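The values are calculated or read from the model by the stated rules, or taken from the named source; none is laboratory data. The structure presented is a predicted model; accordingly, all values stated were derived computationally and were not measured. FYI the Cβ positions are ideal-geometry reconstructions off the backbone, even for glycines, and counts take in every protein chain you see. For accessibility, only protein heavy atoms count, side chains too; no ligands or nucleic acids. Shrake-Rupley method; radii C 1.70, N 1.55, O 1.52, S 1.80 Å.
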Amino acid sequence: VPLEKIKIKKSQDERFRCPGPFVSARWNRLFVLLAIICVAMLLRQIVPAQLIIQPTRWIRNEGDSNGEKIECPRWDGSPIREGTIREPMGPWQPDRKIGPPVYLYAVVASTTEALATISHFLKYYINDLGIPASHALVTVQAPIENHPILGQIAQVLQTHGIHRDEWIGTFSSATKAWHREQAADKVLDPNDWLIVADVDEFHQFPSIIYPSSSKNNNVYNTFLHEIEKNDQANYVFSRWEDRVSADGTLTHVLSTPSLEEQFPMRCSMTEWTKPSSGFWHYILPRAENTKIAAHKVGLRIHRSAHKVAWRAIWRWLFGIYTKPKAAHIQLISQHYKWVNGLAPYLDRRVKAYDTCGMLWSYESASINTHLEAHGGKICLKCGELACASATPKTKIRIAVITSVWDEHIDGVSITMNRVARFLTSSSQLECLVVTPHDPNIQKPIIDMSDVPKLSSSSLPIFALVGRNDYVVGLPLDSNQKRILDAYDPNVYHLVSPDSLGYSAQRYARKTGKCIVCSYHTQLDRYVRFYATKHGFLDKFKPRILIQKLFSDFYAGCDVVAVPNHAIADKLVAKMNIPREKIGFFPRGVNTTNYNPNRRNQTWRASVGCHSNDNVVVLWAARLVKEKGAHLFADSLAHFFKTASKQIADRIRIVVVGDGPERVSMVTALPKSHTTFLLHLSGLNLWTAYASSDIYFFPSHTEAFPNTLLEAQASGLAVLAPAYSVNRDLVPKNAGYLVDEHAGPIDFARGLLDLIQNEEQRKQIAKEAIKVARARTWTAAFSSLTECYDRCLKLNKEKASPERIKKGPYSNTSSPRIMNISTKANRAHLSLRRRSS
């Protein structure tokens with residue numbers, strides 16, 4: 001090796017051994033990165049306040065501001081100068097000889113609603129939970145001297161023996177925190193417990209988790225003593241449960257009845273604390289929905305009371321006080337903020353924040369914007385708020401996870417719409433629907449605005465097989481999980497075994513909820529319509545793959561609600577689902593709507609029936625491959641080729657529905673004999689059924705053909721293949737079933753037989769009506785309710801004592817559903833025996 005190269009190599013080695021320039025370069029990059037992060041965080045705080053709040057803020061003339069002068073608070077550890085503290089009762093001197101070392105600090109603003117709420121507040125904390133009156137300190141805030149409501153609140157507090165002081169001036173979270181620390185440090189020991197609650201906050205301490213060992217101990221002492229002993233905790237969190245009136249209006253607080261009765265709904269209002277859409281919706285954080293409900297006096301908490309202050313960490317590091325540690329149990333705090341006068345209060349708050357240059361005023365402005373958009377009311381049907389009943393006898397909450405809802409019309413969406421309406425109309429059940437949004441659909445096709453809905457993201461995966469009319473829901477994201485946590489469903493009802501359904505199933509398992517899965521679609525039978533035999537997709541054996549996915553999905557459910565025994569047998573035999581997991585959710589039909597009495601001669605004339613000899617052959621379904629659209633068209637084409645002209649001229653074909661196969665069906669069917677009516681609903685659909693004669697539905701893929709049952713109820717003779725589901729649904733003499741593997745020739749012969757034999761058609765129609773009348777939605781929903789009941793029972797048996805103890809709602813139990821009747825399954829079994 002030449003000497004020059006050796007020297008170069010040596011110099012390079014020395015360079016690498018010298019850390020100076022490389023280390024400094026790394027540190028420079030790190031400092032630049034930290035500077036960028038700091039600037040970004042600062043802009044995230046400031047820019048939204050300037051670009052969003054100022055244009056959307058408005059000042060109302062509602063309420064009584066009483067000439068409040070805004071003075072900006074300070075937080076520098078020195079006595080604050082934007083208000084005056086008065087002690088009309090002298091310094092607070094709690095009697096430490098009475099009761100345990102647990103104390104209460106509260107703040108009350110001089111407003112009409114606070115005056116009405118203070119009596120409920122004192123009754124709850126002092127009378128019901130047993131905090132000694134001398135252990136409570138209440139600060140009453142008024143913007144001006146001699147405020148009229150200040151004296152009335154003082155009188156109420158004096159009646160209950162509560163010590164008070166008064167703050168005259170602007171009262172913010174900073175001033176409240178400073179005053180609370182000053183008042184507590186003067187008279188309390190650092191290891192005493194201090195419960196912090198505004199007048200609209202009712203912390204629900206779970207007394208049943210830690211039963212009192214002494215009858216003299218009150219609820220607070222028992223709970224706080226146990227978390228201190230078992231967890232070595234020195235503070236406990238609570239999560240707000242926003243309580244709302246029955247119709248969402250911001251009503252006045254009344255002295256009677258209880259606040260729980262006046263505000264029977266619970267919601268999670270944090271989604272309304274940021275813009276509902278647009279760029280800033282994804283950038284701005286939502287308001288905190290947790291608060292420190294109780295803490296040791298020596299522990300320093302943030303002025304907002306949503307977290308521990310940084311000073312608490314320094315105090316621990318320097319040995320001044322113990323390490324901050326939260327209790328493992330999170331409490332529920334009933335939050336009665338959503339009352340009359342809230343909007344003007346929030347406007348004044350935005351004004352104060354803007355005047356003083358404080359951040360986070362967009363939260364109050366956003367709430368007012370949402371209230372304006374909904375007519376000054378809380379939107380109980382907005383899924384993102386997760387509103388549910390919170391009455392003493394809690395309703396069973398059902399989270400319905402479905403891939404089709406109000407943006408598509410098919411058998412699954414129609415069935416689940418009926419389920420949701422049943423749940424929302426029930427006195428014992430309620431629901432929240434989680435469904436993907438199809439960005440190609442601007443407006444829902446079905447009006448389900450009266451049912452709470454939470455939209456999720458979607459992926460148009462079906463476009464890979466030429467179907468752009470459906471999307472697949474993406475897995476639950478963190479925001480949707482947070483909303484589901486707030487809703488706290490007792491049962492997850494999963495409809496579709498897709499990515500959304502799988503993620504909901506995993507999350508339900510993680511949170512200890514029970515799962516009911518309803519079976520709607522035989523997707524494994526769809527494969528042959530979209531995967532050409534011996535083609536590329538067929539190499540992956542898609543039917544076996546789908547059955548394996550189905551097997552994994554339904555095996556993870558507590559109860560699998562199937563529509564009939566044929567599907568139950570399939571799940572057990574082909575997908576190895578245990579028989580004991582099977583429940584029944586049969587479908588029903590409204591025989592008042594679908595009724596042969598709706599037969600209309602005018603309608604028949606409109607489709608070309610000008611003689612009593614004419615026979616109307618009806619199709620009422622989506623025009624897609626898997627429904628047998630091609631087989632329908634090919635069978636009728638063969639019929640017109642082989643039948644005599646006299647018989648062929650009697651036939652009128654009516655196609656109700658729309659879909660991607662519409663063009664091919666228009667081409668295949670004789671135009672002079674065919675009428676396409678697109679999608680029909682309501683009276684138009686009922687009339688179309690009753691005014692026809694034969695319902696020809698050659699599909700082999702249905703789990704439960706709803707349209708076939710509707711045709712039976714309307715008095716039509718049904719022509720269909722005799723595969724397992726149809727054999728279960730169509731008993732002997734109640735329909736005309738041909739061989740399961742029949743082709744166009746077989747169906748054409750069956751159609752000819754029905755057309756020529758009018759007496760046979762009438763006899764089939766008569767029996768079909770009897771079968772349909774036995775299948776009511778009342779019985780179907782009763783059977784579904786029984787599935788929910790079984791699920792809750794199984795989940796209760798599986799729940800360990802540890803889960804019950806540490807669950808977020810461990811002080812509540814899921815009540816049993818009282819079924820309408822238990823005859824649904826027995827009626828279903830009876831129908832099957834008659835069919836056999």
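If R0 is 56 Å, what FRET efficiency do you get for Asp658 and Trp310 from their C-beta distance, rounded to 0.05?
Result of the calculation: an efficiency of 0.35.
Ordered by packing density, taken as the mean number of other Cβ atoms within 10 Å over each peptide's residues, highest first, how do 623-632, 448-457, 310-319 rank?
Ranking the peptides 623-632, 448-457, 310-319 by packing returns 623-632, 448-457, 310-319.
Return the long-range amide H neighbours of Ile445 (sequence gap of 5 or more, or a different chain), with a cut-off of under 5 Å between placed amide H atoms.
Amide H to amide H, under 5 Å and 5 or more residues apart or across chains, Ile445 pairs with Glu407, His408.
Taking the Cα atoms of region 394-508 alone, what are Rg (to one decimal) and Dmax (as a whole number) in Å?
Every Cα atom of region 394-508 included, Rg and Dmax give 13.7, 46 Å.
If I stretch the segment between Phe640 and Val39 completely, what's the gain in nm (0.36 nm per residue apart, minus their alpha carbon distance), one decimal?
208.6 nm
Could you list the chymotrypsin sites (Phe, Trp or Tyr not before Pro) in region 111-189 that lie in coil according to DSSP, counting only those with at most 13 other Cβ atoms within 10 Å of their Cβ?
none
Determine, for each peptide in 673-686, 783-796, 698-711, the mean count of other beta carbons within 10 angstrom over its residues, then list the peptides with the highest first.
Details: 673-686: 15.2, 783-796: 21.4, 698-711: 23.4.
Averaged packing, sorted descending, gives the order 698-711, 783-796, 673-686.
With the crude spin-label approximation of a point 7 Å out along Cα→Cβ, what separation in nm comes out for Asn440 versus Asn684?
2.3
Using 0.36 nm per residue of separation minus the Cα-Cα distance, give me the extension gain between Asn28 and Thr290 in nm, one decimal.
This chain segment gains 90.4 nm when fully extended.
Report the local net charge at Ile414: Lys and Arg +1, Asp and Glu -1, summed over other residues whose C-beta lies under 12 Å from its C-beta.
Details: positive: Arg418, Arg421, Arg587, Arg622; negative: Asp406, Asp410, Glu710.
For residues surrounding Ile414, the net value is +1.
At a Förster distance of 25 Å, what's the computed FRET efficiency of Ser258 paired with His160, Cβ-Cβ distance as r, to 0.05?
About 0.90, to the nearest 0.05.
State to the nearest 20 debye the size of the charge dipole of region 534-636 about its Cα centre, where the only charges are +1 on K and R beta carbons and -1 on D and E beta carbons.
100
What is the distance, in nm, between label points placed 7 Å from the Cα along the Cα-to-Cβ direction at Ile98 and at Asp231?
According to this spin-label approximation, the distance is 2.9 nm.
For a label point 7 angstrom out from the Cα of Arg506 toward its Cβ, which stretches of region 476-493 have the backbone nitrogen within less than 19 Å?
Only 476-485, 492-493 pass the distance filter.
What is the sum of charges, Lys and Arg at +1 and Asp and Glu at -1, for the other residues whose Cβ falls under 15 Å from the Cβ of Gln334?
Neighbour charge sum, excluding Gln334 itself: -3.
Run the numbers for Asn757 and Thr84: contour at 0.36 nm per residue of separation, minus the present Cα-Cα distance, in nm.
This chain segment gains 232.5 nm when fully extended.
So, with a 1.4 angstrom probe, what is the percent of accessible area on region 101-158 that is carbon and sulfur?
About 55 percent, which is the carbon plus sulfur part of the accessible surface.
Report the label-to-label distance for Asn146 and Thr251 in nanometres (one decimal), using points 7 Å from each Cα along the Cα→Cβ vector.
Distance between the two pseudo-spin positions: 3.7 nm.
Convert each backbone phi in region 331-338 into a coupling constant with the Karplus relation 6.51 cos²θ - 1.76 cosθ + 1.60 (shift: θ = phi - 60°), then list the ³J(HN,Hα) values in order as whole Hz, x for Gly and Pro.
7, 9, 10, 6, 10, 9, 8, 8
On the protein heavy atoms, probe 1.4 angstrom, tell me the percent of accessible surface of region 394-514 carried by carbon and sulfur.
56
Using R₀ = 45 Å, calculate the FRET efficiency as 1/(1 + (r/R₀)^6) where r is the Cβ-Cβ separation of Ile745 and Lys574; round to 0.05.
0.90
Beta carbons within 10 angstrom, averaged per residue: use that to sort the peptides 656-662, 85-91, highest first.
By packing density, highest mean first, the sequence is 656-662, 85-91.
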